[in-house]
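Every read-out reported here was derived from the displayed coordinates using simple, explicitly stated rules and does not represent laboratory data. Bear in mind that the values here come from a model prediction, so they are computed numbers and not experimental data. Here the Cβ is made from the backbone with ideal geometry for all residues, glycine too, and neighbour counts use every protein chain on show.
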Amino acid sequence: MKAFTLPNAKRLSVSADADAWAATVAQRVAGLIAETLAHQAECCIVLAGGATPRRCYTVLRGLPVEWARVQIYFGDERCLPAGDVRRNDSMARESLLQHIALPDAQLYAIPAELGATMAATQYSEQLAETDAFDLVLLGMGEDGHTASLFPENPALAANTLAVAVFDAPKPPPERVSLSFATLNAARHKLFLVAGSGKRDALQRIARGEQLPAARIHHAEWYLDRDAMPHT
Ligand code: 6PG
């Protein structure tokens, strides 16, 4: 049987089940934060949205992390009212942020309630004040999108730090996303991919299809066994 590989992946980890997968990801995140803080004053990380990361964030909140030296940003946000439970920052607050000692001033939510254009402009200005991220967490959709960078969408060509997204096929249609340039500039990029719904996109990427997730280079991919395609 041919071994499953992903083009230009820095690492591919496959866990036996969702609990083992969540623990592996959470420990890697905590470890990378500790490694970063061993040689610099603070660590700037980007959280992934969607539902998959929830299980990892729940494990991560119980690990010993020096949150007082961490700055937290978001890879994308849905244009919904502030506090709407469907927002990515709402999921992060509920599963992680409310449970850790992170100073409020070190949390940089995307102001997506302002609408995509205004929010992308403001977040780009915010990002211009930081260096490249130390660590970016990313999910992947069943169509191979990542953050809110969807196949065939004009946002894929953006050269700004954050980009307004319209006509997203995954509701809501209006979003804000970090651009490929911003995501690829990060020192460490981790994909969190679990569940059988992701097999097809992974298979297409393994075969060389340039889906958006495939355009994030030298990433570490963390899969559970359910997500693994039958090669
Ligand atoms: C979103 C996310 C999106 C997500 C993927 C996977 O707004 O939904 O930013 O990029 O990471 O769609 O979503 P699931 O983890 O829910 O499968």
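Key figures
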item: Pairs where the first residue, in region 206-219, is within 9 Å of PRO7 (Cβ to Cβ) and the second is of a type in the set (A, V, I, L, M, F, W, C), C-beta under 6 Å, 6+ apart; result: ALA206/LEU6; ALA214/ILE205
item: Within region 127-157, considering residues that are out of contact with any Lys or Arg (no Cβ under 8 Å at 6 or more places or on another chain) and hydroxyl-bearing (Ser, Thr, Tyr), the one surrounded by the fewest Cβ atoms within 10 Å (Cβ to Cβ); result: THR130
item: Any chance ALA168 is surrounded by fewer than 23 Cβ atoms within 10 Å (Cβ to Cβ), among the hydrophobic types (A, V, I, L, M, F, W, C) and outside any helix (DSSP H, G or I); result: yes
item: Members of region 31-80 found to be among the aliphatic types (A, V, I, L, M) and touching a strand residue (DSSP E or B) at 6+ places or on another chain (Cβ under 6 Å), listed by number; result: LEU32, ILE33, LEU37, ILE45, VAL46, LEU47, ALA48, VAL70, ILE72
item: Every residue from region 187-209 that is within 13 Å of GLY141 (Cβ to Cβ), in a loop (DSSP other than H, G, I, E, B) and within 15 Å of the chain's Cα centre (by Cα); result: ALA194
item: Residues of region 96-126 that turn out to be crowded, with 20+ Cβ neighbours inside 10 Å and not in a loop (DSSP other than H, G, I, E, B), as a count; result: 6
item: Qualifying positions in region 29-60 - crowded, with 20+ Cβ neighbours inside 10 Å and either of a type in the set (D, E, K, R) or over 15 Å from LEU192 (Cβ atoms) (or both); result: ILE33, THR36, CYS43, CYS44, ARG55
item: ALA147 being among the small types (Gly, Ala, Ser) and more than 10 Å from the ligand (Cβ to nearest atom); result: no
item: Residue check for VAL14: under 30 Å from ARG207 (Cβ atoms), surrounded by 20 or more Cβ atoms within 10 Å (Cβ to Cβ) and either within 16 Å of the ligand (Cβ to nearest atom) or among the β-branched types (Val, Ile, Thr) (or both); result: no
